[in-house]
């Protein structure tokens, strides 16, 4: 997804969130604040974007976001990140991302990304695998996270994938 497409996606999120009065937030590890940066530039973001938490180190995920002991690149971690960010920031909808961009593996192979989603009280997760260099993986993760947010803001309550 190129920058023009990302900007378009963010405008669609902004339009839908403004109309539906959904408050959106993000919890990021792998993407280091890139999702929040994109959403904060969208139209009327002050009305619907609560903000984001960048929890890069495992101890921050465990301490601040209530990620259970154990691996931080897993569905349980992504779900905890999403649910606790919703609580901390007062959001209706939160996307959380945790994963491995590489070039070397720490917990999972590079390209492994876990997405958590808190949607008005319901928590779900999905895993994706992206190819490429670390920057390609981060870009693909940002794009996928924005698509997830847009689908849910638009009212699509299907399982995330």
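Screening residue 129 with (1) closer than 20 Å to residue 6 by Cα; (2) at pLDDT below 95 gives one miss only, at (2).
Would a scan of segment 53-67 turn up a residue that is surrounded by fewer than 20 Cβ atoms within 10 Å (Cβ to Cβ) and closer than 14 Å to residue 93 by Cα?
From segment 53-67, those surrounded by fewer than 20 Cβ atoms within 10 Å (Cβ to Cβ) are 54, 56-60, 62-64, 66; that's our starting set.
In the following step, the residues that additionally are closer than 14 Å to residue 93 by Cα were identified as none.
No: zero hits.
Taking segment 26-53 as the range and being without any contact (Cβ under 8 Å) to a residue 60 or more places away in the chain and part of a loop (DSSP other than H, G, I, E, B) as the test, the residues that pass are 33, 41, 42, 43, 44. Return yes or no: is residue 112 farther than 17 Å from residue 61 by Cβ and either free of Cβ contacts under 8 Å to residues at least 40 places away in the same chain or surrounded by fewer than 21 Cβ atoms within 10 Å (Cβ to Cβ) (or both)? So residue 112 does not fit the description; no. Going by the conditions given, is residue 135 surrounded by fewer than 18 Cβ atoms within 10 Å (Cβ to Cβ) and either within 25 Å of residue 7 (Cα to Cα) or under 12 Å from the mean Cα position of the chain (by Cα) (or both)? Answer is yes for this residue.
Kindly check whether there is at least one residue in segment 93-104 that is touching a residue at least 40 places away in the same chain (Cβ under 8 Å) and farther than 25 Å from residue 59 by Cβ. Looking for residues that are touching a residue at least 40 places away in the same chain (Cβ under 8 Å) and farther than 25 Å from residue 59 by Cβ, one finds at least one in segment 93-104, hence yes.
The values are calculated or read from the model by the stated rules, or taken from the named source; none is laboratory data. Owing to the predicted nature of the structure, the values given are computational and were not obtained by experimental measurement. Heads up, the Cβs are rebuilt from the backbone with ideal geometry, glycines too, and the neighbour counts pull from every protein chain shown.
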